[in-house]
Every structure is written in C-alpha cells, then in structure tokens.
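Reading through the structure tokens given below for one structure.
No lab work stands behind these numbers, since they all come straight from the coordinates. Just so you know, these numbers come straight off a predicted model, no measurement behind them. Neighbour counts run over all protein chains shown; Cβ positions are idealised from the backbone, glycine included.
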Amino acid sequence: MININRVAKVVKGGRRFSFSAIVTVGDGKGRVGVSMGKANEISDAIRKGGEAARTAMTKVPMLKDTIPYEVIGRFGASRVLLKPATPGTGVIAAGGVRAIVEAAGIRNILTKQLGSRNPNNVVKATMDGLRQLRTVEDFAAKRGLTVPQVLGFSHATEKRDPKAVAAAKAAAAEAAAAPVTETAPAAETAPVEAAPDNKEAGSDE
C-alpha cells in the first residue's frame, strides 16, 4: 500500500466518507503492478486496489538486481529519474517510488522525484519509466542483428552461435576461392603470349 486518501461528501444530514488507496503488487522477480481502489471502507479500497494491480502487472527488465540503463518517467507534471546503481548501493528512493521498485525486486537503484510530488502522478511516472526499459534481445530483434553484434563483441559469436559462425566461414571461403580460380589462368597466359610476338616483329624488320 502506497497511499490512502479520505474524501468527504456533504449530504443532507451530515458528511459521507469514502476512501481511495493506491496499492502496488509484485513478485520480487521483475513483475510489478500498481492500481487504485475506491470504496466506503479502507479494507475494501485496499482489496480492490490489490486485485486491479494483479491484473495490470508488467515485466520489468533487470540486470544484476538493477535496471539496464537510465530513464526518466513522466506523467502530468511529475517526472521520476531512475538510474542503475552498483551492487551494495541499495534502494535510494522514497514514497511510492520505493514501494514500486522493491515490489519489482530491484535491489540497487538511484531515483529522484522531479516536478510535482502528487502521489498519483509520481506512481504513474515511475511505472512509465519502468515500461520504457528494454532488454538487449529486444533491441537486437528490432534492428535485425544478433545480441553480440548489438553489444559490439567480435569473438562472442563463436561461443554463443557456432552454427552461424560455421555458415559464415563457409560462405567466406567460397567467396575467397571463386575469384582465384577464375582470374589466375588469365593473368599467367596473357604476358607469355604477348612477349614472343613483340620479339618476332622486331627481328623481321
């Protein structure tokens, strides 16, 4: 549970209270969801928010208990900066941001709330930043490349995809052998035939 808000409605004979609760749910393994529940009782509002959050869970890409790269989530006037951190840093966050990243299972991260501090907007901005994250496999598929090519590793392909390496070597061998067999005879015969003709022409004169 992140935040509870009480709303009073003035009616004939007094005031009627209702409650809204922002609830986050996560499995600690990269899946997290956030939602709001509204009811006339606090317990009902929390229950409804939890049920809605479970149905709206999203997958968060992680890299060694942190996020892959820096992102900024935005919603309304709120912005939330999320930065990866080295092991041992811990969760540097507060309020709804801390609840969300801990529910997702992130152990090391640096965060900063920018702009509006409204709990609803901050929570949605945090989720927007987490949804922007992509894995290296996603980038490779989008660009039509392999993972080692995206990362810039020249020797990683031999370890990860031996079939592709063997096919590439065979194609390179064929491409290198083809021009040698075609051009070698022409290069050898052309000078040998031309030289005797010049000498005979000079002797006849």
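Okay, here's what the table says:
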{"item": "Karplus-derived 3J(HN,Hα), 6.51/-1.76/1.60, for each residue of region 56-72, Hz, glycine and proline x", "result": "10, 6, 10, 8, 10, x, 10, 9, 6, 6, 9, 8, x, 7, 7, 9, 10"}
{"item": "Estimated distance in nm for a label pair at VAL7 and GLN149, the labels positioned 7 Å out from Cα along Cα-to-Cβ", "result": "5.3 nm"}
{"item": "For region 1-160, alpha-carbon Rg over 2.2 N^0.38 Å", "result": "1.28"}
{"item": "Amide H within-cut-off set for ILE2, under 5 Å, with H built and near neighbours excluded", "result": "ILE22, VAL23, THR24"}
{"item": "Cα→Cβ-extended label distance, 7 Å offset, between ALA56 and GLU70, nm", "result": "2.9 nm"}
{"item": "All lysines inside 18 Å of LYS169 as judged from Cα atoms, apart from same-chain residues fewer than 8 positions distant", "result": "LYS159"}
{"item": "Cross-link pairs beyond the 29 Å C-alpha cut-off, checked among LYS38/LYS83; LYS38/LYS142; LYS59/LYS83; LYS48/LYS83; LYS29/LYS124; LYS29/LYS142", "result": "LYS38/LYS83; LYS38/LYS142; LYS48/LYS83"}
{"item": "Inter-label distance, nm, simple model (7 Å from Cα along the C-beta direction), ALA170/LYS29", "result": "3.9 nm"}
